[in-house]
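See structure below.
The values are calculated or read from the model by the stated rules, or taken from the named source; none is laboratory data. A quick note: this is a predicted structure, and the numbers were derived from the prediction, not measured. Backbone-built Cβ (ideal geometry, glycine too); neighbour counts: all protein chains shown.
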Amino acid sequence: FELVKMANPKARVFVSDPSWPNHAAIIDYLGLSRKSYRYFDETTR
């Protein structure tokens, strides 16, 4: 994520839900914008 910030400090990072708990914490710590999305939708598969 540090590379993303170096390349584009205003980047938005998309993180799956569920994801590893530390991913969101690292992204937030670096001050990047974070957006989550459902990894799997049971109804649409």
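For the range 1-41, taking the residues that are among the charged types (D, E, K, R) and in contact (Cβ under 8 Å) with a residue 24 or more places away in the chain, the one that is surrounded by the most Cβ atoms within 10 Å (Cβ to Cβ) is identified as Lys5. Screening Thr44 with (1) at pLDDT below 95; (2) surrounded by 10 or more Cβ atoms within 10 Å (Cβ to Cβ) gives one miss only, at (2). Every condition in (1) touching a helix residue (DSSP H, G or I) at 6+ places or on another chain (Cβ under 8 Å); (2) assigned to a helix (DSSP H, G or I); (3) of a type outside the set (Phe, Trp, Tyr) is met by His23 except one, and the failing one is (1). Scan the range 1-20 residue by residue and report those that are among the polar types (S, T, N, Q) and either part of a strand (DSSP E or B) or touching a strand residue (DSSP E or B) at 6+ places or on another chain (Cβ under 9 Å) (or both). Once the filter is applied, which keeps residues that are among the polar types (S, T, N, Q) and either part of a strand (DSSP E or B) or touching a strand residue (DSSP E or B) at 6+ places or on another chain (Cβ under 9 Å) (or both), the range 1-20 yields Ser16, Ser19.
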